[in-house]
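Where a number appears in this text, it was derived from the coordinates with a stated rule and is not lab data. Model, not experiment: these values are computed from the prediction. Because the Cβ atoms are built from the backbone with ideal geometry, glycine has one as well, and the counts that use them run over all protein chains shown.
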Amino acid sequence: MIGKNDYLNAYIDRRMKYIIEEWELGTRHDMVDYTNRLAAIEQELPNLRAFEKDASDKLMLLEQRARKLKERV
């Protein structure tokens, strides 16, 4: 005779994929993936900061040139 716990465990085993999706639960694989993705993003931060500084410097130069052109007109 199958007990209530055995029935419930079998049900959960069969439906686990759907339970994870419905409740938006994370698995160990998800956590490893998130950890790897976070590490990759953290490695890119210095490049992003350098890009932002370069873009800011170039924008400042363009604004200065635009002001000088407006003064001529």
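Counting only alpha carbon atoms, the long axis of helix 28-72 and the longest principal axis of the chain meet at about 20°. Comparing LEU38, GLY26, TYR7 along the charge dipole axis of the chain, the residue lying farthest to the positive side is LEU38, per the Cβ-charge model. Its alpha carbons give the range 4-72 an Rg and a Dmax of 26.5, 88 Å.
Given the Cα-Cα distance of TYR11 and ASP33 and 0.36 nm per residue of separation, how much length would full extension add, in nm? Spell out each step's value before the answer.
Details: separation 22, 0.36 × 22 = 7.92 nm, distance 2.79 nm.
Result for the pair: 5.1 nm of gain on full extension.
How tilted is helix 4-22 with respect to the longest principal axis of the chain? Cα atoms for both, answer in degrees (0 to 90, nearest 10). Value to nearest ten degrees: 20.
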